[in-house]
Amino acid sequence: MRETFRIGAGSKVGNWRRSGYAVLVGASVVLAAGCGGSTDGSAEPDTSAAGQPVAPQVPEKFDPCVDIPQEILDTENLHSTNSSTSKDEMRRGDIAWSGCGWVVSDGYSTSISATNLTIDMVRDKGVAGAREEVVDGRTVVITQSTGPEACGLNAELVGGSLEFRVDNPSSRRLTGNQDPCDIAIRLAEKVLPLVPADA
């Protein structure tokens, strides 16, 4: 089980997920491990302590590492660190993420990952200041749980969500004056049209 996500020198996105998701998937959303029970020989789905069904794996119809073309990344001047640390592979209990991270030189860093964390699970945590919008026909939940320089956006997928994490310290010369949630929404507007309609 790997928990080794960093994007570039000084990036906080990986650390932010670990601390920010203490809010979203902390003690109140401790997930039951292993298979669900059975009734009359049929397996029941795994559920969280709050009784919400949890898919056993991340949604697989859109792979951010493969399905986001370089020309889309180029519109944001995003590039990979070209190392194993640019992969976003993490699991916390039954919640898993699979994606990649990119950086803007002297600007923001981002991870875009498929996760089995559903919109309802994000919504039900009641993070202060969370808001909902619709981007490319999909419900998104925007949260800013770790301060004004970081933002998360989860876009609805079947069996989970596509998660955008943005870390944008004000000290970054190129993007430090931009709101990280504005960046997350802008990224979602560019990426979500690439996601299959049935995903």
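The values are calculated or read from the model by the stated rules, or taken from the named source; none is laboratory data. None of the values given here were measured: they were computed from a predicted structure. Cβ: placed from backbone, ideal geometry, glycine included. Neighbour counts: every protein chain shown. Just so you know, the surface numbers come from the protein's heavy atoms only, side chains and all, with ligands and any DNA or RNA stripped out. Shrake-Rupley method; radii C 1.70, N 1.55, O 1.52, S 1.80 Å.
Looking at the stretch 1-13, is at least one residue open to solvent by 70 Å² or more (accessible area, probe 1.4 Å), out of contact with any Lys or Arg (no Cβ under 7 Å at 6 or more places or on another chain), modelled with pLDDT under 85 and not in a loop (DSSP other than H, G, I, E, B)?
The answer is yes, given that some residue of the stretch 1-13 is open to solvent by 70 Å² or more (accessible area, probe 1.4 Å), out of contact with any Lys or Arg (no Cβ under 7 Å at 6 or more places or on another chain), modelled with pLDDT under 85 and not in a loop (DSSP other than H, G, I, E, B).
Mind checking which residues of the stretch 150-164 are in contact (Cβ under 8 Å) with a residue 60 or more places away in the chain and open to solvent by 40 Å² or more (accessible area, probe 1.4 Å)?
Passing the criteria: only Val158.
Kindly indicate whether Val122 is open to solvent by less than 40 Å² (accessible area, probe 1.4 Å), farther than 20 Å from Thr81 by Cα and of a type outside the set (S, T, N, Q).
On the way: open to solvent by less than 40 Å² (accessible area, probe 1.4 Å): yes; farther than 20 Å from Thr81 by Cα: yes; of a type outside the set (S, T, N, Q): yes.
Yes; evaluated as a whole, the condition is true for this residue.
Identify all residues within the stretch 90-112 that are out of contact with any helix residue (DSSP H, G or I) (no Cβ under 8 Å at 6 or more places or on another chain), on the phi < 0 side of the Ramachandran plot and open to solvent by 50 Å² or more (accessible area, probe 1.4 Å); write none if there are none.
Answer for the stretch 90-112, where residues must be out of contact with any helix residue (DSSP H, G or I) (no Cβ under 8 Å at 6 or more places or on another chain), on the phi < 0 side of the Ramachandran plot and open to solvent by 50 Å² or more (accessible area, probe 1.4 Å): Arg91, Ser105.
Would you confirm, using the coordinates I've provided, whether Arg173 is touching a strand residue (DSSP E or B) at 6+ places or on another chain (Cβ under 8 Å) and either open to solvent by 40 Å² or more (accessible area, probe 1.4 Å) or under 17 Å from Val58 (Cβ atoms) (or both)?
Numbers: touching a strand residue (DSSP E or B) at 6+ places or on another chain (Cβ under 8 Å): no; either open to solvent by 40 Å² or more (accessible area, probe 1.4 Å) or under 17 Å from Val58 (Cβ atoms) (or both): yes.
Criteria not met by Arg173.
Where in the stretch 66-119 are the strands (runs of 3 or more DSSP E), entirely inside, with at least 2 residues that are among the hydroxyl-bearing types (Ser, Thr, Tyr)? Lay out the reasoning, then the answer.
Numbers: elements: 87-92, 95-104, 109-115.
Here the list reads 109-115.
How about the stretch 128-137: which of its residues are in contact with a Leu (Cβ under 7 Å, 6 or more places away or on another chain) and either open to solvent by 30 Å² or more (accessible area, probe 1.4 Å) or modelled with pLDDT under 95 (or both)? Talk me through it step by step, then tell me what you get.
Going residue by residue through the stretch 128-137, those that are in contact with a Leu (Cβ under 7 Å, 6 or more places away or on another chain) are 135-136.
Hit for the stretch 128-137 is Asp136, nothing else.
I want to confirm something. Restricting to the stretch 162-199 and keeping residues that are of a type in the set (Val, Ile, Thr) and either part of a loop (DSSP other than H, G, I, E, B) or closer than 14 Å to Gly147 by Cβ (or both), which single residue is nearest to the chain's Cα centre (by Cα)? Please lay out each step first, then the result.
If we filter the stretch 162-199 for residues that are of a type in the set (Val, Ile, Thr), which is where we start, we get 166, 175, 183, 185, 191, 195.
Now narrow it down to the ones that are either part of a loop (DSSP other than H, G, I, E, B) or closer than 14 Å to Gly147 by Cβ (or both): 166, 175, 195.
Details: Val166: 9, Thr175: 21, Val195: 15 Å.
It comes out as Val166.
Tally time: how many residues in the stretch 180-199 are closer than 23 Å to Ile95 by Cβ and of a type in the set (A, V, I, L, M, F, W, C)?
Residues flagged as closer than 23 Å to Ile95 by Cβ and of a type in the set (A, V, I, L, M, F, W, C) within the stretch 180-199 amount to 8.
Take the conditions assigned to a strand (DSSP E or B), more than 14 Å from the chain's Cα centre (by Cα) and more than 22 Å from Gln70 (Cβ to Cβ) and apply them to Glu156. Does it pass?
Values: assigned to a strand (DSSP E or B): yes; more than 14 Å from the chain's Cα centre (by Cα): no; more than 22 Å from Gln70 (Cβ to Cβ): yes.
No, not satisfied.
So that you can scan it fast, the table gives a plain yes or no per residue for (1) within 17 Å of Ile95 (Cα to Cα); (2) of a type in the set (S, T, N, Q); (3) touching a Pro at 6+ places or on another chain (Cβ under 9 Å):
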{"residue": "Asp124", "(1), (2), (3)": "yes, no, no"}
{"residue": "Gly137", "(1), (2), (3)": "no, no, no"}
{"residue": "Gln144", "(1), (2), (3)": "no, yes, yes"}
{"residue": "Glu156", "(1), (2), (3)": "yes, no, no"}
{"residue": "Pro169", "(1), (2), (3)": "no, no, no"}
{"residue": "Gln178", "(1), (2), (3)": "no, yes, no"}
